[in-house]
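The values are calculated or read from the model by the stated rules, or taken from the named source; none is laboratory data. Keep in mind that this is a model prediction, so the values were computed, not measured. Cβ: placed from backbone, ideal geometry, glycine included. Neighbour counts: every protein chain shown.
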Amino acid sequence: MYRMKKLVVAIFAMSMLLSVSSVAQIIDEAPIDGLFQDESWSVDVKPIAFPTIRKADVMWSKRIWREIDFRQKFNQKFYYPLDPQQNWKSFIMVLLDALKEGGHFTAYDLSNTDELLVPITYNEVVGRQTDTLHQMGRRPYPPYEEYDTVIVTTFEPSKVMRLRVKEDWYFDKQRSQMMVRIIALCPVMIKERDGQEVTEPMFWISYSQARDVFAKALVFNEFNSAMRLTYDELFWKRLFDSYIYKEQNVYDRRINAYAQGLDALLESERIKQEMFQFEEDLWQY
């Protein structure tokens, strides 16, 4: 009888252990956050291949600098999300994470000619955005002595609200069409000083070097969540709105050096129309 009771207790204890382990196993399994188990967040594709260019086929070319403002509704896909979600990150976080890992592409210091000359590291990029301000104050009680307050402002990726694009437009006589090739990109911060908005460029990167990173980074598709885009496709299909702030010229000056306000916007539009008019004139008989 005693052995029988012992056997019953052992069987009961074993069944309890098995039930607890099965429940723990069910709890450990992550729930499906969607219609089905989606593995497409892990993107491992190669960028779209550039068309080949022969020097002999380029009969006309012009370098253009344009700026993409993330605050425009059509460009908000560059700015959001503020908090990364799986493989969905804002454009500046894609750049900074790749720079921090290293080995993907190189960041270059700013120069007057916007050339990729002096490499800089991730720590230098972030360190330059850390400001230390010393502010003197006076205590409100006797003996009213002065004291020094140190205000440290760290880098905030959410302040990166623009992107400068350096690109070459050219007419390929082999294909008989006007084409464009993005050369470099430069993220720009928007800061407020003395009540006014000022721009602060951060660094330049080679677009061709960064394409492997862009091809693996997803972008929000407002029209169809089942068909996700990558930043490489976004630039390739030119799914952004921008304005020209400089064209290659003998003075090497920007549009805002000789035009302001509405006149600058009209000058930007004139340059754009001039390039397309050149292509149209080639086919006039």
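How many of the residues in segment 53-79 are out of contact with any strand residue (DSSP E or B) (no Cβ under 9 Å at 6 or more places or on another chain) and either assigned to a loop (DSSP other than H, G, I, E, B) or of a type outside the set (A, V, I, L, M) (or both)?
Qualifying residue count for the region: 5.
Can you tell me which residue in segment 208-229 is farthest from the chain's Cα centre (by Cα), limited to those that are outside any loop (DSSP other than H, G, I, E, B) and among the small types (G, A, S)?
S208
I'd like to verify a number: residues in segment 231-278 that are touching a residue at least 60 places away in the same chain (Cβ under 8 Å), in a helix (DSSP H, G or I) and surrounded by fewer than 14 Cβ atoms within 10 Å (Cβ to Cβ), how many?
So the count comes out to 1.
Any idea which residue in segment 93-110 is farthest from R164 (Cα to Cα), counting only those that are touching a residue at least 12 places away in the same chain (Cβ under 8 Å) and of a type in the set (G, A, S)? Walk me through it before giving the result.
As a first pass, look at segment 93-110 and keep what is touching a residue at least 12 places away in the same chain (Cβ under 8 Å): 93-96, 98-100, 102, 104-110.
Narrowing the set further to residues that are of a type in the set (G, A, S) leaves 98, 102, 107.
Details: A98: 19, G102: 22, A107: 14 Å.
Restricting to residues being touching a residue at least 12 places away in the same chain (Cβ under 8 Å) and of a type in the set (G, A, S), the top hit is G102.
Loosely packed, with under 14 Cβ neighbours inside 10 Å, farther than 24 Å from Q85 by Cα and in contact with a helix residue (DSSP H, G or I) (Cβ under 8 Å, 6 or more places away or on another chain): does that describe D281? Let's see the steps before the verdict.
Numbers: loosely packed, with under 14 Cβ neighbours inside 10 Å: yes; farther than 24 Å from Q85 by Cα: yes; in contact with a helix residue (DSSP H, G or I) (Cβ under 8 Å, 6 or more places away or on another chain): no.
Answer is no for this residue.
For the subset of segment 179-200 comprising residues that are under 21 Å from the mean Cα position of the chain (by Cα) and basic (K, R), which member is modelled with the highest pLDDT?
Across segment 179-200, the extreme among qualifying residues is R181.
Can you tell me how many residues within segment 43-92 are closer than 22 Å to I190 by Cβ and either of a type outside the set (S, T, Y) or free of Cβ contacts under 8 Å to residues at least 40 places away in the same chain (or both)?
The qualifying residues number 21.
I'm checking my understanding of the structure. Among residues of segment 81-110 that are among the aliphatic types (A, V, I, L, M) and outside any helix (DSSP H, G or I), which one is surrounded by the fewest Cβ atoms within 10 Å (Cβ to Cβ)?
Across segment 81-110, the extreme among qualifying residues is L82.
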